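Here is the structure we will look at.
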Amino acid sequence: QVQLVESGGGLVQAGGSLRLSCAESGSIFRISDVGWFRQAPGKQRELVALITPGYATNYADSVKGRFTISRDNAKNTVYLQMDNLKPEDTAVYSCAAARSVGRFEYWGQGTQVTVSS
């Protein structure tokens with residue numbers, strides 16, 4: 001049974017930082033793309049960062065230069081370091097794993113990030 005569990009969300013002032021963690025209980029992370037998604041109220045869910053098994057990364061334009069995704073395969077954990085946070089980053093952040101490109105079949109429950117102005 002594969003489970004993804006996010007942690008690290010919270011309330012922070014604009015300009016501050018948070019680090020989200022996504023821990024996987026099974027054994028698929030090492031062979032999966034892992035993405036961080038976010039969804040704000042009334043908006044569509046968007047992919048903000050992705051990391052491949054080979055450590056290649058990709059970011060949404062809105063977070064480039066501010067967010068950094070990384071992975072520790074020994075801990076089955078993927079991180080999202082978020083710096084210089086803005087109020088528009090407020091959303092529920094979820095991690096997801098894809099064994100096939102673009103097919104995110106495993107999801108965490110989400111963690112709330114709120115950035116105050």
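The values are calculated or read from the model by the stated rules, or taken from the named source; none is laboratory data. None of these values were measured; they are calculated from a predicted model. Ideal geometry is used to build each Cβ from the backbone, glycine not excepted, and the neighbour counts take in all protein chains shown. Please note that ligands, DNA and RNA were not included when accessible areas were found on the heavy atoms of the full protein model with its side chains. Shrake-Rupley method; radii C 1.70, N 1.55, O 1.52, S 1.80 Å.
Relative to a virtual label point 7 Å from the Cα of Lys43 in the Cα→beta-carbon direction, which members of region 101-117 show backbone nitrogen distances below 19 Å? Flagged as within label range: 110-117. Counting only protein heavy atoms and a probe of 1.4 Å, the accessible surface of the chain is 46% carbon and sulfur.
Restricting attention to the chain, close to 90% of DSSP beta bridges with both partner residues there are antiparallel. Here the chain is treated as a sphere whose radius is the Kirkwood value from Cα pairs; by Stokes-Einstein at 25 °C and 0.890 mPa s it diffuses with a coefficient of 175 µm²/s. Taking every alpha-carbon pair under 8 Å whose residues sit at least 6 apart, the chain reaches a relative contact order of 36 percent. Note: relative contact order over region 1-65, using C-alpha pairs below 8 Å and six or more positions apart, is 22 percent.
For the pair region 19-36 and region 38-92, the centres of their Cα atoms are 13 angstrom apart. Under Stokes-Einstein, with the Kirkwood radius over Cα pairs as Rh, the value for region 53-117 at 4 °C and 1.567 mPa s is 97 µm²/s. Going toward the positive end of the dipole of region 38-117, with +1 on Lys and Arg Cβ and -1 on Asp and Glu Cβ, which of Ala97, Leu50, Thr77 do you reach last? Toward the positive end, the furthest listed residue is Ala97.
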